[in-house]
1. Is it the case that some residue within segment 152-161 is touching a strand residue (DSSP E or B) at 6+ places or on another chain (Cβ under 6 Å) and in contact (Cβ under 8 Å) with a residue 40 or more places away in the chain?
2. Kindly list, by first and then second residue, each pair from a residue in segment 30-54 that is surrounded by 11 or more Cβ atoms within 10 Å (Cβ to Cβ) to a residue that is modelled with pLDDT under 75 and assigned to a helix (DSSP H, G or I), limited to pairs with Cβ atoms under 9 Å and residues at least 6 apart or on different chains.
3. ARG121 passes all but one of (1) surrounded by fewer than 17 Cβ atoms within 10 Å (Cβ to Cβ); (2) under 19 Å from TYR79 (Cβ atoms); which number fails?
4. May I ask you to list the residues in segment 82-111 that are surrounded by 12 or more Cβ atoms within 10 Å (Cβ to Cβ), in contact (Cβ under 8 Å) with a residue 60 or more places away in the chain and farther than 16 Å from LEU143 by Cα?
5. Give segment 48-87 a look and list any residue that's closer than 24 Å to ASP146 by Cα, out of contact with any helix residue (DSSP H, G or I) (no Cβ under 9 Å at 6 or more places or on another chain) and in a loop (DSSP other than H, G, I, E, B), or say none.
Amino acid sequence: MPDLRQTRKRIKTALAIMLGLDVVAVIVLFSPLVGSTESRRQELNQLWAQLQTKTRQVEPLKNLDKKVILANKQIGEFYKKRFPTQDSQVFTTLGKLSSANGITIEGVKQKPLDEEIGHVRPVELETELTGSYVSLAKFINALERDDTFFLIRSITLGGEQKGPIKLQMKLETYLKGAA
């Protein structure tokens, strides 16, 4: 026959241990070290908001390898489409835009710069243009919208009381260098 005293003693020991664990759990639950239910809920909400913020911050980094490949392709297309290889292409573009907008190019001075920036060589142009106000405005608009990359550095209006308006313009463009 099994020894009931020993079994009873083991059960009492197990119950005492579980009662002790319950007391410790109640103390931890109501302890000021852990905080109230409301403070824990606030902390949880704050941590959730931080997680959301961090997730939004790293969102642009998703598929970064594919984005780099796409950016390199777009840069190549930009260089190919927007930067001419020869000076004559720049002058041809200026001639086409001036004739399309009814203005006259009185002169163009070219000042190539020696420094090469990222496989492109900057070129400064100074032009003197003549035409009506409307045709000059259309020319400037067409110049800004053209596929060839032009930066307008300065514009000086001149002219007489009667007759066409004279315009001096400083431009910058870039030629493809040796790759």
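The values are calculated or read from the model by the stated rules, or taken from the named source; none is laboratory data. What you see is a predicted model, and the numbers here were worked out from it, not measured in a lab. Please note: Cβ atoms are built from the backbone with ideal geometry, for glycine as well, and neighbour counts cover all protein chains shown.
1. no
2. Within 9 Å, the pairs are SER36/PHE30.
3. Of the numbered conditions (1) surrounded by fewer than 17 Cβ atoms within 10 Å (Cβ to Cβ); (2) under 19 Å from TYR79 (Cβ atoms), the odd one out for ARG121 is (1).
4. Of everything in segment 82-111, those that are surrounded by 12 or more Cβ atoms within 10 Å (Cβ to Cβ), in contact (Cβ under 8 Å) with a residue 60 or more places away in the chain and farther than 16 Å from LEU143 by Cα turn out to be ASP87, GLU106.
5. Correct list: PHE83, THR85, GLN86.
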